[in-house]
Amino acid sequence: MSVNSNTVNTVLGPVPAGELGVVSVHEALLSVLPGAEHAFDITLDRAEIFETLAGKLRDFRAHGGGTVVDSTGMFHGRDVRLYEALSRSTGVHIVASTGQGPEELLGGYFLTPQTNPPTPWPAEKFAGLFTQEITEGMVVPRVERRGLAGLVTTAVSRAGMTATDESLLRGAARTALATGTAVSFRFGADAVRELDVVLDENLPADRVAVGGLDRKDAVAAGAPEQIVARGAYAVLDHVGTDDAEHLADTERAALVAGLVRAGHADRILLSVGATGVAKGHPANDLPYSHLLTAFVPLLKAHGVGEDDVRRIIEANPRHLLAVR
């Protein structure tokens, strides 16, 4: 399998970046908490899952959406065959991701020391695992490889970056350098320090998206402003969520408007962080279309012009996801 510059790896093959349309960059389609697939009280009815996800994707498309990025990584329910069928059926481009993390959600094999004396999995070992999924195809466990991953994704532990988290970040960065794809990670406790780990691998900042930056603690620390100042993308990926941990949409829109006024419209990304179907954990069951039906009008009410809105929801994700 091969890719060309200025294309994006979707589950149905490389697509010209200009054809993505509106992109929601941090979503989940089928999300399974590792181990839940073995639980006696959890059902995985593929037909039911397909119909639920197809309905949500069609709704997204009906409201102007073009592409959904499944940012869950390798072992959290990713089902490449299902995503192929969904994309064909709904006309929505689906970009699937490789990667793992944070440490607490890794399977035992990936936490088993591979060296003597014991140390976490080295970055190069993670990089090899992730790179194969971009150059050879994503693993359908013990069956085959199908489709190229279009993004490397990971997450850092909320309590603070562990040695394994650092290996994951460095492995993701090395994968991106080797393949021309981008890195997206959800920050843990210190977004700027974690970004610096990725940049220490000599990955250009415009190949990195930092998620979770609409958390109240991130905003209080000035993280969104510091991330865009370094040239990386700030991802506000809980659009529609209004709880004790995250900004409300009015506050989120004000943050976007402030970043735009400061000249950073080209470094903002948005997503609902919705879960299409969740097994073994609570779902964020907001529609993917909430970004377009509710938040875009709110941005405009806060003074963000049409050109900047289109830059944020179309041009920026296109630039991030294009293989180069």
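The length gained by stretching the chain between A62 and R261 to full extension, at 0.36 nm per residue less their Cα-Cα distance, is 68.6 nm. With the simple spin-label model, which puts each label point 7 Å out from Cα in the Cβ direction, the L111 to R324 separation comes to 4.0 nm. Taking packing as the residue-averaged number of other Cβ atoms within 10 angstrom, the listed peptides 150-162, 237-249 run from highest to lowest as 150-162, 237-249. Using the alpha carbons alone, the radius of gyration of the chain stands to its Kirkwood radius in an Rg to Rh ratio of 0.94.
Seen through its C-alpha gyration tensor, with square-root eigenvalues sorted a ≥ b ≥ c, segment 30-159 comes out prolate because a/c lies at 1.5 or above while a/b is bigger than b/c.
The calculated FRET efficiency for D307 paired with D41, based on their beta-carbon distance and R0 = 56 Å, is about 0.65. Positive end of the dipole of segment 109-194 (Cβ unit charges, origin at the Cα centre): among F126, A182, V140, the Cα lying farthest that way belongs to V140. Between the residues V32, N9, L44, the greatest Cα displacement towards the positive end of the dipole of segment 1-62, with unit charges on the Cβ of Lys, Arg, Asp and Glu, is found for N9.
Using the Cβ-Cβ distance between A254 and T52 with R0 = 41 Å, the FRET efficiency computed as 1/(1 + (r/R0)^6) comes to roughly 0.75. Here's how it looks for T162: its modeled amide H is under 5 Å from those of S157, which are all 5 or more places away or on a different chain.
Only beta bridges with both residues in the chain are counted; by DSSP, about 25 percent of them are antiparallel. When you filter the GluC sites (Glu not before Pro) in segment 131-213 for DSSP loop state and at most 15 other Cβ atoms inside 10 Å of their Cβ, you are left with E136. Put a plus charge on the Cβ of each Lys and Arg, a minus charge on the Cβ of each Asp and Glu, and nothing anywhere else: the dipole of segment 86-237 about its Cα centre is then about 420 debye.
Computed over segment 63-103, the P(r) curve from all C-alpha pair distances, binned at 5 Å from the origin, holds 6, 22, 29, 21, 13, 7, 3, 0 percent per bin.
What whole-number volume per residue, in cubic angstrom, does the convex hull of the C-alpha atoms of segment 206-265 give?
Taking only Cα atoms, segment 206-265 has a hull volume of 69 Å³ per residue.
Note on segment 60-153: with charges restricted to the Cβ of Lys and Arg (+1) and Asp and Glu (-1), its dipole about the Cα centre is near 300 debye. Sparse packing (at most 13 other Cβ atoms within 10 Å of the Cβ) combined with a DSSP loop state is found for the following chymotrypsin sites (Phe, Trp or Tyr not before Pro) in segment 1-95: F40.
Taken about its Cα centre, segment 1-123 carries a charge dipole of roughly 360 debye when the Cβ of each Lys and Arg holds +1 and the Cβ of each Asp and Glu holds -1.
Relative to its Kirkwood radius, the Cα radius of gyration of segment 134-268 gives an Rg/Rh of 1.01.
Partners of K56 within straight-line reach, counting lysines whose Cα lies under 29 Å from its Cα and excluding those fewer than 8 residues away in the same chain: K216, K279, K300.
Multiplying the residue separation of K300 and F75 by 0.36 nm and subtracting their alpha-carbon distance yields 77.2 nm. Enclosing the Cα atoms of segment 254-323 in their convex hull gives a volume equal to 107 cubic angstrom per residue.
Bear in mind these aren't lab numbers, they're just calculated from the coordinates by the rules spelled out. Nothing here was measured: the structure is a model prediction, and the numbers come from that model. Heads up, the Cβs are rebuilt from the backbone with ideal geometry, glycines too, and the neighbour counts pull from every protein chain shown.
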